[in-house]
Amino acid sequence: MPTPLEKARLNRDSMKARILNSARKLFGEYGYHGTTTRMIATHVGIDISTLYYHWGEKRDLYESVITDINDEMQEKLLEAEKLMAGKPIAERIEIGIDYICDYLFENPEISNLILFRYFSKTREDHSIETKIPEYISNIAVSLGLAQRKKDITVEAKARVLAIWNAVLNFISGRSVFQPILDIEKQQYIKIVKETMNFLLIPAFSGT
């Protein structure tokens with residue numbers, strides 16, 4: 001029998017999918033502990049009994065949100081890896097930054113949820129960071145820091161984490177950083193990409 005998440009994926013216009021999308025936005029904005037099932041139901045425009053009928057408890061819905069994001073992130077990183085394959089290192093960095101920044105800026109709840117996990121004192125059991133080592137490995141191989149995922153050094157992982165954290169902070173911190181820079185959203189995204197390339201291309205290519 002398909003799970004609620006599988007049913008939501010099969011029909012993106014279904015009530016299950018609508019609830020999943022609202023939960024993803026609200027968990028990303030307020031975190032697990034700051035989001036209630038009533039908030040999600042109100043956001044969708046349904047009563048709370050309908051939410052429970054489709055998804056069960058808040059924990060079940062949260063775990064489905066995290067699973068959905070993890071699977072989606074893995075797909076995006078693999079797509080980026082294909083685009084970068086065989087290119088010179090500077091070009092690989094530009095392609096990777098452009099692709100991943102566009103995806104994360106379109107889905108800011110992802111970076112918010114990851115950062116909530118970094119800094120939350122009360123951690124829920126099911127965490128988004130369980131897949132981060134896999135993300136890090138994919139990025140490291142894409143950047144040519146290792147030939148195979150099992151050969152990635154601690155130093156290479158730390159360098160990828162530095163990139164990862166910088167991108168996440170630029171995205172989650174946009175409401176603070178953008179006014180400081182006094183620019184519009186699209187210019188902010190452009191500046192973030194340019195800044196990341198400015199720092200990373202010399203660091204990784206030696207130019």
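The values are calculated or read from the model by the stated rules, or taken from the named source; none is laboratory data. Please read these numbers as outputs of a predicted model, since none were measured by experiment. In this analysis, Cβ positions are derived from the backbone assuming ideal geometry, glycine residues included, and neighbour counts consider all displayed protein chains.
Residue 94 - would you say it is modelled with pLDDT of 85 or more, at negative phi and of a type in the set (D, E, K, R)?
So residue 94 passes the test.
Can you find a residue that is aliphatic (A, V, I, L, M), within 15 Å of the chain's Cα centre (by Cα) and at pLDDT 85 or above anywhere in the stretch 120-132? Within the stretch 120-132 (the criterion being aliphatic (A, V, I, L, M), within 15 Å of the chain's Cα centre (by Cα) and at pLDDT 85 or above), the answer is no, since none of the residues qualifies.
Considering the stretch 13-32, the residues that are of a type in the set (Lys, Arg) and closer than 18 Å to residue 110 by Cβ include one that is surrounded by the most Cβ atoms within 10 Å (Cβ to Cβ), namely 24. List pairs: first residue in the stretch 40-65 and over 18 Å from residue 29 (Cβ atoms) and of a type in the set (A, V, I, L, M), second residue part of a helix (DSSP H, G or I) and modelled with pLDDT of 95 or more anywhere in the structure, Cβ distance under 7 angstrom, at least six positions apart or on different chains. Short answer, once both residue conditions are applied: 48/37; 48/38; 48/41. Those residues that are under 18 Å from residue 87 (Cβ atoms), of a type outside the set (S, T, N, Q) and not in a helix (DSSP H, G or I), I need them from the stretch 130-152; list them, please. Listed by number, the residues that qualify are 143, 144, 145, 146.
Please find, among 20, 26, 51, 83, the residue that is of a type in the set (A, V, I, L, M, F, W, C) and at pLDDT below 95.
83
I'd like to know if the stretch 67-79 contains one or more residues that are in contact with a Leu (Cβ under 8 Å, 6 or more places away or on another chain), farther than 23 Å from residue 118 by Cα and in contact (Cβ under 8 Å) with a residue 40 or more places away in the chain. Quick ask: steps written out before the conclusion?
Kept after step one, since they are in contact with a Leu (Cβ under 8 Å, 6 or more places away or on another chain), are these residues of the stretch 67-79: 67-69.
Narrowing the set further to residues that are farther than 23 Å from residue 118 by Cα leaves none.
No, the stretch 67-79 contains no residue that is in contact with a Leu (Cβ under 8 Å, 6 or more places away or on another chain), farther than 23 Å from residue 118 by Cα and in contact (Cβ under 8 Å) with a residue 40 or more places away in the chain.
Considering each residue of the stretch 35-47 in turn, none proves to be under 18 Å from the mean Cα position of the chain (by Cα), surrounded by 17 or more Cβ atoms within 10 Å (Cβ to Cβ) and either in a helix (DSSP H, G or I) or not aliphatic (A, V, I, L, M) (or both).
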